[in-house]
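The values are calculated or read from the model by the stated rules, or taken from the named source; none is laboratory data. Model, not experiment: these values are computed from the prediction. Positions of Cβ are backbone-derived with ideal geometry, glycine not excepted, and every protein chain shown enters the neighbour counts. Areas reflect the complete protein model, heavy atoms only, side chains present, ligands, DNA and RNA absent. Shrake-Rupley method; radii C 1.70, N 1.55, O 1.52, S 1.80 Å.
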Amino acid sequence: MAACLALSSIVGCATAGASRPDLSAWPEIRPDFRVAALRLRMHEYSITFAAAVDLAATAIEQRAADATIQRNALLWRVRAVPEMRKACFRLEPVGALVDAWILARQMDQLFSEGAGTSAFGTFQPEAVETSRGLVRQMREIGASIAVSPKATADFEHRFVDPWVAGHPLRDVTFVRDSPIGRFADQSPASADVFQSVGTMEDLAVILSQQARIYLADLPRQVRGEVDLMRSDFLPREDLATLRRDVHVSATAADRLASTAEGMPAILLNERRIVLEEMNRQRALVLEAVSLERARAVDPIISAFAAERAEMLRSLELQRLATLEWASAERREATLDMHRELAGSMEAVRGERAVVVADARRLVDVALLRVAAFLIAAVVAAPLVAHAYARVWPRRWRGRSE
């Protein structure tokens with residue numbers, strides 16, 4: 001019941017975080033990556049990380065004879081798993097990826113070259129191999145949303161390496177500074193009402209999955225904390241005498257685990273009730289939003305209609321005034337053209353009269369000359385004939401002689 005109440009309260013506060021992050025500062029990440037797929041990968045990685053660390057730490061703890069190595073293996077198992085789960089369950093999946101990637105690199109640095117290089121003695125290579133395998137898995141997750149393999153390496157070099165170099169883990173307690181605050185500005189500032197209402201069910205499902213993972217790992221975590229408390233507060237010489245009490249506690253923890261395994265049915269029923277209530281609240285919110293929209297939009301539509309009618313009337317008046325002005329200008333231009341045409345015709349007529357008068361004078365002069373020539377020919381013809389008749393015979397006789 002406490003988990004269900006916490007789920008209901010968290011859903012109401014975290015709905016605005018379901019929108020996509022701002023990736024403008026991260027060009028290495030594909031903008032079309034699936035947020036749900038990345039979140040599922042991070043959840044699965046938390047389970048894989050817990051299994052790998054628990055297997056390696058338990059193997060070292062069981063085989064080691066030194067109490068310090070046993071305690072370090074127990075600390076590794078008890079402290080690293082919750083820290084990685086906290087990183088993988090960040091609300092923003094990109095922030096979860098960066099936080100988990102940095103933690104995996106910090107753990108690898110701790111065991112390979114940091115303060116924990118001798119934490120497990122002769123079993124140190126096993127811890128280093130496990131941590132490096134987890135780093136490789138994290139790089140594969142990063143490559144699934146990167147634009148290219150080179151972008152994955154650039155992303156790790158630009159964001160992960162500086163933080164790991166500047167904030168190494170001090171010991172196997174995994175006390176560290178989280179880098180999530182540095183990337184808080186990549187999260188969207190807010191989400192609107194429709195995004196919040198639309199993502200409430202998804203967030204309820206995500207939180208339900210996280211609750212299942214926590215409940216499934218609760219017995220081992222409780223057992224690890226009990227073992228750590230035992231190693232811190234109980235002397236080694238009293239361990240044999242108190243082993244029976246520990247066995248009883250383990251039996252009780254098993255019964256608690258059995259009870260916890262029966263919790264999913266109750267959680268499903270409570271989840272169904274919570275989702276039904278969410279759907280009802282969402283319907284009420286949508287109805288209220290529709291009513292507010294109608295109240296806000298209808299006056300705006302009426303104002304737009306009035307403005308449109310007034311604009312159309314003004315345009316009609318402007319069009320009529322323009323047509324009237326164009327008609328007056330057309331009439332004035334037509335009259336000017338008529339006047340110009342009449343003046344041109346008058347000028348052409350005057351020129352034609354002058355040309356005709358000149359032609360008549362020329363014709364009269366030509367006719368007068370022809371007449372004079374004819375008169376001269378008629379008068380001079382007898383004289384020429386007479387002169388020829390008197391002169392020709394003499395010339396002919398002179399030639400004959």
May I ask you to give the solvent-accessible area per residue for the range 302-401, in square angstrom, as obtained with a 1.4 angstrom probe?
93
Table column - 3J(HN,Hα) (Hz), the range 285-291, Karplus curve with 6.51, -1.76, 1.60, x for Gly and Pro
5, 5, 5, 5, 5, 4, 5
Label-point separation, ARG132 to ILE47 (7 Å along Cα→Cβ), nm
2.8
Assuming R0 = 60 Å, can you tell me the calculated FRET efficiency for the pair ALA377 and ARG308, based on Cβ-Cβ distance, to the nearest 0.05?
0.05
Loop-located GluC sites (Glu not before Pro) in the range 80-150 whose Cβ has at most 16 other Cβ within 10 Å (DSSP):
GLU113
Would you mind checking which residues have amide H under 5 Å from ALA146's amide H? H placed 1.01 Å from N; only 5 or more apart, or other chain.
ARG30
Could you work out what % of the accessible surface of the range 270-337 is carbon and sulfur, using a 1.4 angstrom probe and leaving DNA, RNA and ligands out of the count?
63
³J(HN,Hα), Karplus 6.51/-1.76/1.60, whole Hz, each residue of the range 71-77, x for Gly, Pro:
5, 5, 5, 5, 4, 4, 6
Test of understanding: what is the full-extension gain from HIS247 to ASN269, defined as 0.36 nm times their sequence separation minus their Cα-Cα distance?
4.5 nm
